[in-house]
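Remarks on the structure that follows.
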Amino acid sequence: MIRVLLTVFICSIALFSFSQKKDSLIVSDSGVVIHSRLSADSMVIRKDSVKKHNPRKATLRSAIIPGWGQVYNKKYWKVPLVYTAIGIPVFTFLDNKKWYNKTRQAAKMIALKDTVDYRNRVDPKLYVFFSTSNSIGSLLNYRNEFRRNMDYSILFFLLFWGLNVVDATVDAHLRGFDISDDLSLKIKPNFDRGAGLSIVLNFK
């Protein structure tokens, strides 16, 4: 008698669970999400009308214009950081290029012994190289230092540009992951290998 009641109870649970309707989403052509109660065999999702976040678009946009990929990912707060990181190497490059041109001109004047009225032709910070003899070597080293700093500025500029692309790509990929803390625990009948109960842990 107990076996008969247990069998009837399990069958009742099975019929009840199979007859339940599940929530599903129907996305209309206008993009409006409609919640409805549909049976398991009649759930319909219009995947063609769902706009997906494309990591490739974020990568290409950041590669073309820094910060564009972050805007596509809706991480607007990162845009000022991107332009600050890229702007610093640009500023240092322009500043070093200005002084490289000044020191090159001064070195050329000393090499050609064209030092007449040099105070009106070179920067005041370079007067010291005209007041001493055999200063061409020191001035050339000074010029080469600015040249080296220009090269470093270019390398850092390319590095930060690349990091901007990597950041946009990683953010775009992570948008597809659900990291919410909503967990649910369900107990339902299982008939795969005879009658029994199974525990299902859902990560929503």
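The values are calculated or read from the model by the stated rules, or taken from the named source; none is laboratory data. Model, not experiment: these values are computed from the prediction. Note that each Cβ is placed from the backbone with ideal geometry, even for glycine, and that neighbours are counted across all protein chains shown. Protein only, heavy atoms only, side chains kept; ligands, DNA and RNA dropped before computing areas. Shrake-Rupley method; radii C 1.70, N 1.55, O 1.52, S 1.80 Å.
The residue that is farthest from ILE86 (Cα to Cα), among those in region 115-154 that are in contact (Cβ under 8 Å) with a residue 12 or more places away in the chain and aliphatic (A, V, I, L, M), is ILE136. For region 72-89, the candidate set comprises residues that are open to solvent by less than 60 Å² (accessible area, probe 1.4 Å) and part of a helix (DSSP H, G or I); within that set, the residue that is farthest from ASP117 (Cα to Cα) is TYR72. I want to confirm something. Restricting to region 123-158 and keeping residues that are touching a Lys or Arg at 6+ places or on another chain (Cβ under 7 Å) and crowded, with 16+ Cβ neighbours inside 10 Å, which single residue is farthest from ILE88 (Cα to Cα)? Only one residue tops the list, namely LEU126. Residues in region 115-138 that are over 15 Å from LYS102 (Cα atoms) and not hydrophobic (A, V, I, L, M, F, W, C): ASP117, SER131, THR132, SER133, ASN134, SER135, GLY137. Within region 53-70, the residues that satisfy the criterion of being more than 17 Å from GLY87 (Cβ to Cβ), of a type in the set (A, V, I, L, M, F, W, C) and either in contact with a helix residue (DSSP H, G or I) (Cβ under 6 Å, 6 or more places away or on another chain) or surrounded by 12 or more Cβ atoms within 10 Å (Cβ to Cβ) (or both) are ALA58, LEU60, ALA63.
Of the residues making up region 136-164, those that are among the aliphatic types (A, V, I, L, M) and modelled with pLDDT of 95 or more are MET150, ILE154, LEU155, LEU158, LEU159, LEU163. Given the criteria over 30 Å from ALA85 (Cα atoms) and modelled with pLDDT of 90 or more, does ALA106 qualify? Here the answer is yes, as ALA106 does meet what is asked.
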